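Novice: Sharing a structure below in structure tokens format, with a few things to ask.
The values are calculated or read from the model by the stated rules, or taken from the named source; none is laboratory data. Only a predicted model underlies this, so the values are computations on that prediction, with no experimental measurement involved. Here Cβ is always computed from backbone atoms with ideal geometry, including for glycine, and neighbour counts include all displayed protein chains.
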Amino acid sequence: MYKKFLSGVLAAAMVIGGAAYAAKPASVDAAGAPKPKYTFDMNGANKNVVGVARKGDISAGTTGNTKTGVLPTANKNAKLQYKKGKHGKALYISRTVGGKAASMGAQLKNVKLGSGSWTVSFWVKPETNLSNFMAMFFTGNHITDPKNTKWLSITQDSWLDSKTNTPTIWSHSVSNGKNDQFPWYGHQDKKGTWTAEQAVKAGQWTHITLVVNTKQTCEYGTKGKSGYVKSYHAWTYVNGKLFGNGTVAKGTMSNSNSFFLGLNAWDMGFKGLIDDVKLWDKALTAKQVKAIAK
């Protein structure tokens, strides 16, 4: 995918340019977990969780069309399985279609979160270690239109000193071929320094929460330099603890978004278990995230 050619430039923008980040989101609500707008408990078949597949990239590399990709579509042979999960059963993505190795995942249907602040959380247990750009969670609109694409992926990268960094939040937004935003962020230590950290590992359950607050802004890169973005502020939590925070491109959430688990339009698909996917049309506070992780 064309992302791979830009990774060095992106890394330079983050490491050299630096960025301005707040330590945590504003805590205005009482502690506790508000009811999600959508819950997918993955305890069994659900008409709104559909098996999808696409051509290309069953091992590594790209789908062949590096700019537009191939949008995953419903496929009756991409059978979803349900196995022992973190709580009850969990969705198992086998990466097989019709008994053969293939790019497959699941699509969450009838999800509408609007264009404001939002939150997603889920448990994940990969069967194999993630590869670069492999999506655990992927959403967007106009995904395969290079002049208007808008998407966000919860993935892995090795851009920071060629070391593994997961979860990485990577987003892309282009409008009419202009205003190209391509920010990403991963892990920061307590001092705010960018460090490589692999939180999602094969064979272990990990709880991930992403909070996107469209009422707060954040900077990516250096103002006046190539790749600079000032956009929405987001926070990633792992097992209820703050993992990192940074910039998310504008327009990556709308009522026309498609939502996928384990697969994007370009890269090798995820293999393993995903459980208790929850989505809110609001930005949860740090205390609320801690509560849902428990």
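Novice: Among what's in segment 203-261 and is of a type in the set (D, E, K, R) and over 16 Å from residue 192 (Cα atoms), pick the residue that is nearest to the chain's Cα centre (by Cα).
Specialist: Going through segment 203-261, the residues of a type in the set (D, E, K, R) turn out to be 215, 219, 223, 225, 230, 241, 250.
The next check asks that each one be over 16 Å from residue 192 (Cα atoms); those that pass are 215, 223, 225, 230, 250.
Working: 215: 20, 223: 26, 225: 26, 230: 19, 250: 15 Å.
Across segment 203-261, the extreme among qualifying residues is 250.
Novice: Failed condition for residue 255, given (1) farther than 17 Å from residue 136 by Cα; (2) outside any loop (DSSP other than H, G, I, E, B), with all others met?
Specialist: Only one criterion in (1) farther than 17 Å from residue 136 by Cα; (2) outside any loop (DSSP other than H, G, I, E, B) is unmet by residue 255, namely (2).
Novice: Does residue 178 satisfy being touching a residue at least 12 places away in the same chain (Cβ under 8 Å) and among the basic types (Lys, Arg)?
Specialist: Values: touching a residue at least 12 places away in the same chain (Cβ under 8 Å): no; among the basic types (Lys, Arg): yes.
No: the conditions fail for residue 178.
Novice: With a cut-off of at least 1 residues that are over 22 Å from residue 205 (Cα atoms) and modelled with pLDDT of 95 or more, name the strands (runs of 3 or more DSSP E) lying wholly within segment 36-120.
Specialist: Hits in segment 36-120: 49-54.
Novice: Quickly run through segment 258-294 and pick out the residues that are in a strand (DSSP E or B), within 20 Å of residue 113 (Cβ to Cβ) and not acidic (Asp, Glu).
Specialist: 258, 259, 260, 261, 274, 277, 278, 279, 280
Novice: Answer yes if at least one residue in segment 136-149 is part of a strand (DSSP E or B), basic (Lys, Arg) and more than 10 Å from the chain's Cα centre (by Cα), and no otherwise.
Specialist: No, because not a single residue in segment 136-149 is part of a strand (DSSP E or B), basic (Lys, Arg) and more than 10 Å from the chain's Cα centre (by Cα).
Novice: Considering each residue of segment 179-201, count those that are in a strand (DSSP E or B), out of contact with any Gly (no Cβ under 6 Å at 6 or more places or on another chain) and modelled with pLDDT of 90 or more, and give that number.
Specialist: Of the residues in segment 179-201, 5 are in a strand (DSSP E or B), out of contact with any Gly (no Cβ under 6 Å at 6 or more places or on another chain) and modelled with pLDDT of 90 or more.
Novice: While we're looking at this one, here's another question. If residue 182 satisfies all but one of (1) surrounded by fewer than 17 Cβ atoms within 10 Å (Cβ to Cβ); (2) more than 14 Å from residue 160 (Cβ to Cβ), what's the number of the condition it fails?
Specialist: Residue 182 satisfies every listed condition except (1).
Novice: I'd like to check something: does segment 217-233 contain any residue that is hydrophobic (A, V, I, L, M, F, W, C), in contact (Cβ under 8 Å) with a residue 40 or more places away in the chain, in contact with a Lys or Arg (Cβ under 8 Å, 6 or more places away or on another chain) and buried (at least 16 other Cβ atoms within 10 Å of the Cβ)?
Specialist: Taking segment 217-233 as the starting set, the residues that turn out to be hydrophobic (A, V, I, L, M, F, W, C) are 218, 229.
Of the ones still in play, those that are also in contact (Cβ under 8 Å) with a residue 40 or more places away in the chain are 218, 229.
Narrowing the set further to residues that are in contact with a Lys or Arg (Cβ under 8 Å, 6 or more places away or on another chain) leaves 218.
Subsequent filtering for residues that are buried (at least 16 other Cβ atoms within 10 Å of the Cβ) retains 218.
Scanning segment 217-233, I find at least one residue that is hydrophobic (A, V, I, L, M, F, W, C), in contact (Cβ under 8 Å) with a residue 40 or more places away in the chain, in contact with a Lys or Arg (Cβ under 8 Å, 6 or more places away or on another chain) and buried (at least 16 other Cβ atoms within 10 Å of the Cβ), so the answer is yes.
Novice: Filter segment 274-288 down to the residues that are surrounded by 24 or more Cβ atoms within 10 Å (Cβ to Cβ) and of a type in the set (A, V, I, L, M), then identify the one that is nearest to residue 248 (Cα to Cα).
Specialist: Top of the filtered list is 283.
Novice: I would also like to ask the following. Taking the stated definitions as given, is residue 158 touching a residue at least 24 places away in the same chain (Cβ under 8 Å), surrounded by fewer than 22 Cβ atoms within 10 Å (Cβ to Cβ), not aromatic (Phe, Trp, Tyr) and not in a loop (DSSP other than H, G, I, E, B)?
Specialist: yes
Novice: Which members of segment 121-133 meet the condition of being at pLDDT 95 or above and either closer than 23 Å to residue 54 by Cα or among the polar types (S, T, N, Q) (or both)?
Specialist: Result: 121, 124, 125, 126, 127.
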